[in-house]
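Chemist: Mind looking over this structure? Questions follow.
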Amino acid sequence: MSDQFVLETRGLVKEFKGFVAVDDVNLKVQSGHIHALIGPNGAGKTTVFNLLTKFLIPTRGKILFMGDDITSMKSAAIARKGVVRSFQISAVFPHMTALENIRVALQRFEGHSFHFWKSGNSLNALNERSMALLDQVGLTEFANTTTVELAYGRKRALELATTLAMEPKLLLLDEPTQGMGAEDVDRVVELVRKAAQGRTVLMVEHNLGVVSKLCDRITVLSQGSVLTEGDYEKVSNDPKVREVYMGKSSNSPSASAPENQEASE
Amino acid sequence: MSESAQHADIQKTMLAQQKSEHRKKQILNLVLLALLLVAPAVLYPVFLMKILCFALFAVAFNLLLGYTGLLSFGHAAFLASGAYTTGYLLSNYSGLTTEMGILAGTAVATLLGLGFAVVAIRRQGIYFAMITLALAQLMFFFFVQSEFTGGEDGLHGVPRGYLFGFIDLSDNMNMYYFVLAVFLASYLLVQRVVSSPFGQVLKAIKQNEPRAISLGYNVNQYKLLAFVMSSGLAGLAGSLKTVVFQLASLNDAHWHLSGEVILMTLIGGTGTLLGPVVGATFVVNLEYQLSQGPLGDWVDAILGAIFVLTVIAFRSGIIGEVQKFMRKNLS
Ligand SMILES: Nc1ncnc2c1ncn2[C@@H]1O[C@H](COP(=O)(O)OP(=O)(O)OP(=O)(O)O)[C@@H](O)[C@H]1O
Ligand SMILES: [Mg+2]
């Protein structure tokens, strides 16, 4: 049954001038799951996200969203269908306030975004809903702060709130905890858990602690192809996974995590 | 504090901010209006009209650069297509009233803008600039070759005619207040556009285009509409200029002018509506002063130097620097 899967890729390939960054990836993301996509640096995780959202055009292969072939759709159309992504490098509108960031996302549903003659005051109708979304991510008091002035962790939280404003069916998160201190990481874990209620999440994450806490299923990518897939237990005990991470610089936190796991058992 | 009370507080702050911004904008508009109303008592109206035409040109250009983040290097094509169309029609069809000639010029520039946009809008950054430049050069070639433009000679002695058929525009004062009315209407239009829901999307595109796409916006459609508006207003500036000076020439289509409008906008400051107006005033004045003095042959070099200085040291332009200064000294 394909409709149990929100997202499915079939034989997805991306070549950059002969270099194969994504190699025959068959991904199946089950409805309601938080699904992790992990792998060492350069494995092709971000490229997969770019393919799913058509920021890059696949060389070969198919992408299905809720059973529909979306391979030939454009980025904006995919977003409107409910597949909304965040970016590895936090993506906000820096010279708008936090509240305006959310408003510009909500605005699209109003159907007046081409109305160049309309007063900007009409957007105030969206303030209340924007505030509610800021509450969800703990940014209430920063509503009127210009986004450039927010700390990094808060920018990421704002990005998540903006993404949630889109009412996505499938949320694609590219390393939501990257570059954060332990405290912020815990907050994001809670945020993602809350955000995942009633939707499906596919997330790239280097922090295996986060993965173990959040994710129902894990796909490991290495050099563009799927190395293994399963729950945390299975994946963390897979010697192939261990090898891939060991081969990489051992000072990255993700590199040591699977080892610790094994050592403790 | 309860959550809803906090919400109410925050929103109140926000609305108060909006209100004070709005007040500031209105005061500035009124000051501008007052200055421009009395200006011809002090300064030569034809000179003022030149400033207003270029200011309108720069305001139109800034809708793209300042508010959408698109750098067009071909805006002279729109100014010229407006200028030539109006010049040709008013010279050859005496039945036309002046405003009809101007409307026709604006319409032609708008359509040309649509054509440019369809070709260029998918390109990013420098490629976009290069394509607009290339298309504008094509138009220049077309204007050189065409009969209706008068080729190398241009169009001379375009009659100013009668506005609405009864206001004699050969009177410089009448002409001035007509140009002023058109300028102000366009200025207010752009002011409205950039604060509208549409303008909000433009800002989003400028600040982070991939993010705007991932929010589901078809960014190319928004850019296209902004481009078409900008080219239409640039054409309007050209049409007005033709009526004021009663001539249209290849100078209007030259890439020099496309560069000059970038210069005006950057010098004045891209972030604001007033910036391009101030920049145009500055550049037109400077050119005039220099052309009167011994440095007449150095105009381009001096403008170039100012350009470099602006880009290196005063990125936010005159208005930007003034704002910084006021913020520092008033808070
Ligand atoms: N636009 C591109 N052109 C050429 N090569 C690219 C492009 N984008 C990515 N690559 C290459 O594809 C490979 C996969 O990159 P990708 O960004 O998907 O890795 P990643 O798994 O997200 O890594 P990280 O954990 O560092 O974010 C890398 O070798 C990268 O250099
Ligand atoms: Mg990546």
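The values are calculated or read from the model by the stated rules, or taken from the named source; none is laboratory data. These numbers come from a predicted model, not from an experiment. Note: ideal-geometry Cβ built from the backbone for every residue, glycine included; neighbour counts use all protein chains shown. Heads up: the accessible areas ignore ligands, DNA and RNA and are worked out on the full protein's heavy atoms, side chains in. Shrake-Rupley method; radii C 1.70, N 1.55, O 1.52, S 1.80 Å.
Chemist: Choose one of B:ILE205, B:HIS254, B:GLN26: the residue whose Cα lies farthest towards the positive end of the charge dipole of the protein assembly as shown (beta-carbon charges +1 Lys, Arg; -1 Asp, Glu; about the Cα centre).
Modeler: B:GLN26
Chemist: While we're looking at this one, here's another question. Alpha carbon centre of the range B:238-264 versus the range A:87-129: separation in Å?
Modeler: 37 Å
Chemist: Any idea of B:PHE245's accessible area? Nearest 10 Å², probe 1.4 Å.
Modeler: Using a 1.4 Å probe on the heavy atoms, I get roughly 70 Å².
Chemist: To continue, here is another question. With +1 on the Cβ of every Lys and Arg and -1 on the Cβ of every Asp and Glu, and nothing else charged, how large is the dipole of chain B about its Cα centre, in debye rounded to the nearest 20?
Modeler: With Lys and Arg at +1 and Asp and Glu at -1, about 1320 debye.
Chemist: Do you know the relative contact order of the range A:26-104, to the nearest whole percent, from alpha carbon pairs under 8 angstrom that are 6+ apart?
Modeler: Rounded, it is 18 percent for the range A:26-104.
Chemist: Helix check for chain A. Which DSSP H runs span at least 18 Å along their own axis by Cα, with a mean Kyte-Doolittle hydropathy no less than -1.0?
Modeler: A:152-165, A:182-195
Chemist: I would also like to ask the following. Give me the percent of accessible area attributable to carbon and sulfur for the protein assembly as shown, probe 1.4 angstrom.
Modeler: Exposed carbon and sulfur together represent 58 percent of the surface.
Chemist: Hey, what's the Kirkwood Rh for the range B:194-300 if you take every pair of different alpha carbons, in angstrom?
Modeler: Roughly 16.3 Å, rounded to one decimal.
Chemist: If you take the C-alpha gyration tensor of chain B, multiply each eigenvalue by 5 and take the square root, what semi-axes do you get, largest first, in whole Å?
Modeler: Equivalent ellipsoid semi-axes, largest first: 34, 24, 21 Å.
Chemist: Let me ask something else. In the range B:90-160, which chymotrypsin sites (Phe, Trp or Tyr not before Pro) are in a loop and have at most 14 other Cβ atoms within 10 Å, using DSSP for the loop call?
Modeler: B:TYR93, B:PHE148
Chemist: Using a 1.4 Å probe and counting only protein heavy atoms, how much accessible surface gets buried when B and A come together, both sides summed, in Å² to the nearest 100?
Modeler: 3500 Å²
Chemist: What accessible area per residue comes out for the range B:45-254, rounded to a whole number of Å², with a 1.4 Å probe?
Modeler: Accessible surface, normalised per residue, equals 35 Å².
Chemist: For the protein assembly as shown, what is the mean residue ellipticity at 222 nm derived from helices alone (per DSSP H run of n ≥ 4: -39500 (n - 2.57); sum divided by total residues; nearest 500 deg cm²/dmol)?
Modeler: -19000 deg cm²/dmol
Chemist: Can you tell me the relative contact order of the range A:94-177? Whole percent, Cα pairs under 8 Å, sequence separation 6 or more.
Modeler: Relative contact order comes out at 43 percent.
Chemist: I would also like to ask the following. Can you tell me the 0 to 90 degree angle between the C-alpha axis of helix B:125-145 and the longest principal axis of chain B, rounded to 10?
Modeler: Rounded to the nearest ten degrees, it is 20.
Chemist: What range in chain B is the longest one free of GluC sites (Glu not before Pro) that are in a loop by DSSP and have at most 11 other Cβ atoms within 10 angstrom?
Modeler: The segment B:153-331 is the longest one with no such site.
Chemist: Positive end of the dipole of the range A:92-167, charges at C-beta (+1 Lys, Arg; -1 Asp, Glu), about the Cα centre: which of A:LEU150, A:MET96, A:ALA125 has its Cα farthest in that direction?
Modeler: A:MET96
Chemist: When all C-alpha to C-alpha distances in the protein assembly as shown are sorted into bins of 10 Å, what percent of pairs does each bin hold, rounded to whole numbers?
Modeler: 3, 15, 22, 21, 16, 12, 7, 3, 1, 0
Chemist: Here is a follow-up. Treating the beta-carbon of each Lys and Arg as +1 and of each Asp and Glu as -1, no other charges, what is the dipole magnitude of the range A:62-133 about its Cα centre, to the nearest 20 debye?
Modeler: Its charge dipole is roughly 140 debye.
Chemist: No solvent, one uniform scatterer per C-alpha: report log10 I(q)/I(0) for the range A:92-167 via the Debye equation at q = 0.14, 0.16 1/Å, two decimals.
Modeler: For the requested q values the scattering log ratios are -0.40, -0.51.
Chemist: I would also like to ask the following. Can you pull the accessible area of B:ASP168 for me, 1.4 Å probe, Å² to the nearest 10?
Modeler: We get 50 Å² for B:ASP168.
Chemist: Summarise the partner chain shielding of A:102-110 as one whole number: the mean count of Cβ atoms from other chains within 10 Å of each residue's Cβ.
Modeler: Averaged over the peptide's residues, the number is 4.
Chemist: Counting partner chain Cβ atoms within 10 Å of every residue's Cβ in A:143-149, what's the average?
Modeler: Mean partner shielding for this stretch: 2.
Chemist: Now for a different question. On a 0 to 90 degree scale, rounded to 10, what angle separates helix B:45-65 from the longest Cα axis of chain B?
Modeler: Between the helix axis and the principal axis of chain B, the angle is about 50 degrees.
Chemist: Over chain A, what relative contact order in percent results from Cα pairs under 8 Å that are six or more residues apart?
Modeler: 25 percent.
Chemist: Compute, for the range A:92-167, the length of the dipole vector about the Cα centre, with Cβ point charges of +1 (Lys, Arg) and -1 (Asp, Glu) only. Units Debye, rounded to 20.
Modeler: Dipole magnitude for the range A:92-167 comes out near 160 debye.
Chemist: Further, regarding this structure: Where the centre of each part is set by its Cα atoms, how far does the range A:1-62 sit from the range B:300-324, in angstrom?
Modeler: Answer, in whole Å: 47.
Chemist: Using Cα centres only, tell me the gap between the range B:80-112 and the range A:147-168 in whole Å.
Modeler: Cα centroid of the range B:80-112 versus Cα centroid of the range A:147-168: 49 Å apart.
Chemist: In the structure displayed, which of A:LYS81/B:LYS206; B:LYS25/B:LYS324; B:LYS24/B:LYS324; A:LYS28/A:LYS54; A:LYS169/B:LYS223; A:LYS17/B:LYS206 lie more than 21 Å apart, Cα to Cα?
Modeler: Distance filter (> 21 Å) returns A:LYS81/B:LYS206; A:LYS169/B:LYS223; A:LYS17/B:LYS206.
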